[in-house]
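For reference, the structure is listed below as structure tokens.
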Amino acid sequence: MKRTITHLADGRELIYFDRRDDADRGAVDRRPLDPRPVASELRYDPLTEEWIAMAGHRQTRTFMPPPDQCPLCPSSETRASEIPASDYDVVVFENRFPSFSGNFGTYADAGGLSEVRPGVGRCEVVCFTSDHSSSFSQLSDEQVELVMEAWADRTAELSAIEGVEQVFCFENRGEEIGITLTHPHGQIYAYPYVTPRTRLQLDAASRHRGGNLFADVLAAERAAGVRVVAENELWTAFVPAAARWPFEVHLYPRRQAPDLAALTEEERATFAPLYTSVLRALDGLFGVAMPYIAAWHQAPVRWRRDLAYLHMELFSIRRAPGKLKYLAGSESAMGAFVNDVLPEEAARMLRSQIDH
Ligand SMILES: [Zn+2]
């Protein structure tokens, strides 16, 4: 794998991850770009003890451009995109409209009981392939491994930025989820705090008696078997017993690892075929491309790393053909989920779609 760091016209970093050592990465971005926006402002909610990022500049971001104007496709003779090269394997670059960045402005006291601080951190875009009409489920094992190398590299680098407390690699897929670009891509957020969900999970892990909480959950799901969707020698994919979403699959490595950077080559290689077969099973459920969120849960940079257990939580908001699960009153206002699909039934449906 060859890694090449370059910069875009407005100074943002762009990194190529190439399979071939002789890839030419000399192309230069000459677009007249506006200066980069300042970092968002973080405000503290004393009632829930959560930080909320105010990122007004994101309102102006690119929304559903026509395919010939896709900013994630390679550049051509006649059109310059975000990627100056005429082709690429995997590319990562700093988001033009980031929720978090190192570009501070001035932040005034908001009044009330809210503390205010700058949204330190970084937001990156990961292009999984140069093929506009592909999807993660269609990537070759080799390509998935290259994406995983990019995730691991970014996790290690972003974790080293001063003020960053957690690195989150994820993919939003489908218009129903709210994506604004259809080109196969994901994002990476480097947060200046430990996210609420991770805090809850690790607080629970710290109170758990016995072995590691996540390892015990995995062992119990493997023993129960009814919700296991697919498995190989190093990974297990299962629907959690208390799934929140109509179709939700968690993928755990057999071995406890804190983050993607800690995975072995063999663990990366065995994740690829298992994950893409689960994604294809999702798409096979109703014969339509399923909207989904794929979320890597990684250990925070310096808090309770020994209790954390790298895993992916993948879920879809589609509960039936033509029907979406919306976060309505109970979920949005109270955080109390009601799931319309029994997890054992969801697992059975997904298993029947797994290609062996
Ligand atoms: Zn594209």
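The values are calculated or read from the model by the stated rules, or taken from the named source; none is laboratory data. Just so you know, these numbers come straight off a predicted model, no measurement behind them. No Cβ is skipped: glycine too gets one built from the backbone with ideal geometry, and neighbour counts run over all protein chains shown.
Tally time: how many residues in the range 96-132 are away from the ligand (no atom under 16 Å from the Cβ) and in a loop (DSSP other than H, G, I, E, B)? Lay out the reasoning, then the answer.
Residues of the range 96-132 away from the ligand (no atom under 16 Å from the Cβ): 97-124.
If we keep only those that are in a loop (DSSP other than H, G, I, E, B) too, we end up with 97-115, 119-121.
So the answer is 22.
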**Item:** Cβ-Cβ under 7 Å pairs, at least 6 apart or on other chains, the range 175-193 side touching a residue at least 40 places away in the same chain (Cβ under 8 Å), far side within 16 Å of the ligand (Cβ to nearest atom) and among the aromatic types (F, W, Y)
**Value:** T180/F63; P184/F128; P184/F136; H185/F128; G186/F128
**Prompt:** Which residue pairs have Cβ atoms closer than 8 Å, lie 6 or more positions apart in sequence or on different chains, and pair a first residue in the range 129-148 that is farther than 18 Å from I188 by Cβ with a second residue that is among the basic types (K, R)?
**Reply:** S135/R173; S137/R280; E142/R19
**Message:** When you check P65 against the structure, is it within 16 Å of the ligand (Cβ to nearest atom) and either closer than 28 Å to I5 by Cα or not acidic (D, E) (or both), yes or no?
**Reply:** yes
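So if I check each of E142, E171, E157, which one is more than 26 Å from Y44 (Cα to Cα), within 16 Å of the ligand (Cβ to nearest atom), at pLDDT 95 or above and in the same structural domain as V38 (by TED's automatic domain parsing)?
Details: E142 fails: within 16 Å of the ligand (Cβ to nearest atom); E157 fails: within 16 Å of the ligand (Cβ to nearest atom).
E171 is the lone residue from the list that is more than 26 Å from Y44 (Cα to Cα), within 16 Å of the ligand (Cβ to nearest atom), at pLDDT 95 or above and in the same structural domain as V38 (by TED's automatic domain parsing).
I want to confirm something. Restricting to the range 178-225 and keeping residues that are among the hydroxyl-bearing types (S, T, Y) and modelled with pLDDT of 95 or more, which single residue is nearest to the ligand (Cβ to nearest atom)?
Filtering the range 178-225 down to residues among the hydroxyl-bearing types (S, T, Y) leaves 180, 182, 189, 191, 193, 195, 198, 206.
Adding the requirement that they be modelled with pLDDT of 95 or more leaves 189, 191, 193, 195, 198, 206.
Numbers: Y189: 22, Y191: 28, Y193: 33, T195: 29, T198: 32, S206: 44 Å.
Only one residue tops the list, namely Y189.
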**Item:** Residue that is modelled with the highest pLDDT, among those in the range 14-61 that are farther than 26 Å from P196 by Cα, acidic (D, E) and over 22 Å from the mean Cα position of the chain (by Cα)
**Value:** D29
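Could you run through the range 325-341 and say how many residues are surrounded by 12 or more Cβ atoms within 10 Å (Cβ to Cβ) and of a type in the set (A, V, I, L, M)?
First pass over the range 325-341, keeping only residues surrounded by 12 or more Cβ atoms within 10 Å (Cβ to Cβ): 325, 327, 331, 337, 339, 341.
Still in the running and of a type in the set (A, V, I, L, M): 327, 341.
Residues meeting the conditions: 2.
Is it the case that V91 is closer than 21 Å to T129 by Cα, in contact (Cβ under 8 Å) with a residue 24 or more places away in the chain and either within 16 Å of the ligand (Cβ to nearest atom) or not in a loop (DSSP other than H, G, I, E, B) (or both)?
Working: closer than 21 Å to T129 by Cα: yes; in contact (Cβ under 8 Å) with a residue 24 or more places away in the chain: yes; either within 16 Å of the ligand (Cβ to nearest atom) or not in a loop (DSSP other than H, G, I, E, B) (or both): yes.
Yes; evaluated as a whole, the condition is true for this residue.
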**Asked** When the residues of the range 105-120 are filtered to those that are modelled with pLDDT of 85 or more and among the β-branched types (V, I, T), which remaining residue is farthest from G163 (Cα to Cα)?
**Response** V116
**Item:** Criterion violated by S75 - all others in (1) touching a Lys or Arg at 6+ places or on another chain (Cβ under 7 Å); (2) among the hydroxyl-bearing types (S, T, Y); (3) within 15 Å of the ligand (Cβ to nearest atom) satisfied
**Value:** (1)
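Quick grid of which residues meet (1) at pLDDT below 90; (2) closer than 25 Å to C169 by Cβ; (3) loosely packed, with under 12 Cβ neighbours inside 10 Å; (4) of a type outside the set (G, A, S):
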site	(1), (2), (3), (4)
F63	yes, yes, yes, yes
A85	no, yes, no, no
D89	no, yes, no, yes
N95	no, yes, no, yes
N103	yes, yes, no, yes
**Message:** Could you go through the range 300-318 and let me know if any residue there is assigned to a strand (DSSP E or B), touching a Lys or Arg at 6+ places or on another chain (Cβ under 8 Å) and surrounded by fewer than 15 Cβ atoms within 10 Å (Cβ to Cβ).
**Reply:** no
**Request:** State all residues of the range 332-356 that are more than 30 Å from L260 (Cα to Cα) and part of a helix (DSSP H, G or I); if no residue qualifies, say none.
**Result:** S332, A333, M334, E345
**Asked** Given the conditions (1) over 18 Å from T180 (Cα atoms); (2) more than 16 Å from the ligand (Cβ to nearest atom); (3) in contact (Cβ under 8 Å) with a residue 60 or more places away in the chain, and given that R31 satisfies all but one, which numbered condition is not satisfied?
**Response** (3)
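Yes or no, residue by residue, for (1) charged (D, E, K, R); (2) assigned by TED's automatic domain parsing to the domain that holds D131; (3) closer than 15 Å to E13 by Cβ:
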| position | (1), (2), (3) |
| --- | --- |
| L72 | no, yes, no |
| E82 | yes, yes, yes |
| S86 | no, yes, no |
| D89 | yes, yes, no |
| S99 | no, yes, no |
| G105 | no, yes, no |
